[in-house]
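Report on the structure given below.
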There are 2 protein chains.
Amino acid sequence: MNTEITFKLPTIENINKAYTIISTFAHITPVMKSEQINQITCSDIFFKCENFQKGGAFKIRGAINAVKNNIEDCIKYGITTHSSGNHAQAVAIAGKIFGIKTHIVMPKTASKVKIDAVKSYGANIEFCKPTLEDRESSMERLINQFGYRPIHAYNDIRVITGQATATLEFFNQLKQKPDYIILPVGGGGLLSGAIIASHYLSPETKVIGAEPEMANDAYLSFKSKKFIPSVTPNTIADGLKTSLGSFTFPIIINKVYDILTVSEDNIIKAMRLIWERMKIIIEPSSAVGLAAIMENKSMFRNKKTAVILSGGNIDLMNIPWMK
Amino acid sequence: MNTEITFKLPTIENINKAYTIISTFAHITPVMKSEQINQITCSDIFFKCENFQKGGAFKIRGAINAVKNNIEDCIKYGITTHSSGNHAQAVAIAGKIFGIKTHIVMPKTASKVKIDAVKSYGANIEFCKPTLEDRESSMERLINQFGYRPIHAYNDIRVITGQATATLEFFNQLKQKPDYIILPVGGGGLLSGAIIASHYLSPETKVIGAEPEMANDAYLSFKSKKFIPSVTPNTIADGLKTSLGSFTFPIIINKVYDILTVSEDNIIKAMRLIWERMKIIIEPSSAVGLAAIMENKSMFRNKKTAVILSGGNIDLMNIPWMK
């Protein structure tokens, strides 16, 4: 994959326009702090609670923006995507909002809570094998057969622009610009959006991706400046198993300040700390930001750090520290 | 116990004054809504998230007010209370805020997370047998021996006045006054405070207590207009096992609109629904309000109902639906 950015990045006007659309349908999610977690980390952390977002994750921002930007075609042909979870729900909700036929390809290993949620928004589900190849080929088949319009989970500029509104909204909520903003990186849509939004709104803020060691493709790609895909990732952070895409890869490797990897143990520890101290439910993928702070204490000591908690969709029968 | 109210109820000025003190130290907790829970219940529910309060429960309001109203004696002699959990933490925090020696009598069966929390605020713990008799006699001994000033968990007008500020703050946050406000009832401090605050601020709002069937002393007392204590209560809502007191009993039986009891199964169901749909952590005692709505659907259909979620302190190794 070429590292050169040859496509047009969204402008701040694009992001503002997306936000006007998205804020009509999505929640303005709160920013929370925890004195106890600040004490433990010797840092000053602001948590943006996208776990409280509609559909339980930030993903609806990108889905709404992608659908709304191509609304006539989407209404005419229907929409589709492949996703193991949160993006599936987001597209299902976007379909419901705009009254569009929605067909989601989901791996048959997806958690029951996520499958039920997608169904509850009235979308059809097509189950596939839990491999990227089968997910993509199943979706291709639907596109070719029925003309459904694809809404990719991250590798779509409309989606990245939508995700950028999470950072835009976050910066609007903070009195001072933070020293760092940390986001989980899976396919890189949220992180790419943060990089672009920060570039316009707070260029002095360092944008950091946090990634499980067990799914460290973005880290390896960033360090080598070469596209290195995720191969059989085995992490509890199920939203972060995907590889970067042709749009997110060049944005991230050229513009991110750093990518920090975290252990599985620390993901669980950070997740439990947030449950216990903040009394909110986050999924494992949301915990990598705090885990990165905990693993790199000196870097974040006395710094103002913005963390996006990406989602809160977890099977409550399957809590990691109770295994 | 006499049903006649022979003591002076707090005035609205008392509550406002308490709020001025409390709001300096406690959080203004958010009000949350859930479209999905509204759909399930066919109601319009506003949840006041005292699980996000300092110490993880509303209890700090009463503790701060009680200590501040008698601050010189408290500083001179130290403070004490007996509590199985949230009030213990609240008094420990109040002690820390005002720099007061604090000695908490806790039953040795109290959950580890609550014991650790009390210790983390620098309070001393005196363990006792898990009976009301032993809790009270242990505390009496400390009072007699060392002169510590008692901060009762609910049967103290300063504490009731402090708890009334949860309802005051809630009403301030709502655009319209609700048809109902529902609160858990254990010892009755929160409910008594709500009755008094509603009397001044929204007399048209019906104040309802929600109580586990398995600890239905307030229900029986209200229906019979006689004081009936809680005898070997066996409920998962561990904060609601206590009996009404000499102050809370007459306030509640004379002024509450109704007391609704709920089954253990519905407490767990409501608790899980809040975790799953709202992505927030509440303890079982917090869930009785929603459980009461779910058990009395027609009563709350299309009504605007305010629910106070009293706390979020739960041992995360001990989640009821995973047993």
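What tally of residues in the stretch B:27-56 results from selecting those that are more than 10 Å from every other protein chain (Cβ to nearest Cβ), small (Gly, Ala, Ser) and closer than 27 Å to B:Gly99 by Cβ?
1
Which ones in the stretch A:112-123 are buried (at least 20 other Cβ atoms within 10 Å of the Cβ) and in contact (Cβ under 8 Å) with a residue 60 or more places away in the chain?
Once the filter is applied, which keeps residues that are buried (at least 20 other Cβ atoms within 10 Å of the Cβ) and in contact (Cβ under 8 Å) with a residue 60 or more places away in the chain, the stretch A:112-123 yields A:Lys114, A:Ala117.
Go through (1) touching a helix residue (DSSP H, G or I) at 6+ places or on another chain (Cβ under 8 Å); (2) farther than 16 Å from A:Leu240 by Cα; (3) touching a residue at least 24 places away in the same chain (Cβ under 8 Å); (4) not aliphatic (A, V, I, L, M) and name the single condition A:Tyr257 misses.
With respect to (1) touching a helix residue (DSSP H, G or I) at 6+ places or on another chain (Cβ under 8 Å); (2) farther than 16 Å from A:Leu240 by Cα; (3) touching a residue at least 24 places away in the same chain (Cβ under 8 Å); (4) not aliphatic (A, V, I, L, M), A:Tyr257 is out only on (1).
Of everything in the stretch B:45-78, what is assigned to a strand (DSSP E or B) and touching an Asp or Glu at 6+ places or on another chain (Cβ under 9 Å)? Give them in sequence order.
B:Lys48, B:Ala57
Of all residues in the stretch A:74-87 being out of contact with any Gly (no Cβ under 9 Å at 6 or more places or on another chain) and modelled with pLDDT of 95 or more, which is surrounded by the fewest Cβ atoms within 10 Å (Cβ to Cβ)?
Step by step, filter the stretch A:74-87, then rank; the result is A:Thr80.
To keep it simple, each residue is scored yes or no on (1) part of a strand (DSSP E or B); (2) under 22 Å from B:Lys129 (Cβ atoms).
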{"site": "B:Ile208", "(1), (2)": "yes, no"}
{"site": "B:Met214", "(1), (2)": "no, yes"}
{"site": "B:Ile228", "(1), (2)": "no, no"}
{"site": "B:Gly239", "(1), (2)": "no, yes"}
{"site": "B:Pro250", "(1), (2)": "no, no"}
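Among the residues of the stretch A:217-231, are any under 15 Å from the mean Cα position of the chain (by Cα) and buried (at least 18 other Cβ atoms within 10 Å of the Cβ)?
Within the stretch A:217-231, one or more residues are under 15 Å from the mean Cα position of the chain (by Cα) and buried (at least 18 other Cβ atoms within 10 Å of the Cβ).
Tell me yes or no: at least one residue of the stretch B:27-45 is at pLDDT below 95, in contact with a helix residue (DSSP H, G or I) (Cβ under 8 Å, 6 or more places away or on another chain) and in the same structural domain as B:Ile181 (by TED's automatic domain parsing).
Yes, the conditions are met somewhere in the stretch B:27-45.
Among the listed residues A:Glu126, A:Glu136, which satisfies the condition of being assigned by TED's automatic domain parsing to the domain that holds A:Asn70, without any contact (Cβ under 8 Å) to a residue 24 or more places away in the chain and not polar (S, T, N, Q)?
A:Glu126
From the set of residues in the stretch B:57-70 that are surrounded by fewer than 24 Cβ atoms within 10 Å (Cβ to Cβ) and touching a helix residue (DSSP H, G or I) at 6+ places or on another chain (Cβ under 6 Å), which is nearest to the other protein chains (Cβ to nearest Cβ)?
Checked the stretch B:57-70; the qualifying residue nearest to the other protein chains (Cβ to nearest Cβ) is B:Lys68.
Output the number of residues of the stretch A:270-297 satisfying the condition of being in contact with a helix residue (DSSP H, G or I) (Cβ under 7 Å, 6 or more places away or on another chain), away from chain B (no Cβ under 11 Å) and not acidic (Asp, Glu).
Residues that pass the stated criteria total 10.
Can you go through A:Glu126, A:Glu136 and tell me which one is surrounded by fewer than 18 Cβ atoms within 10 Å (Cβ to Cβ) and assigned to a strand (DSSP E or B)?
Within the list A:Glu126, A:Glu136, the selection yields A:Glu126.
The values are calculated or read from the model by the stated rules, or taken from the named source; none is laboratory data. The model shown is predicted, which means the values in this text are computed figures rather than measured ones. Here the Cβ is made from the backbone with ideal geometry for all residues, glycine too, and neighbour counts use every protein chain on show.
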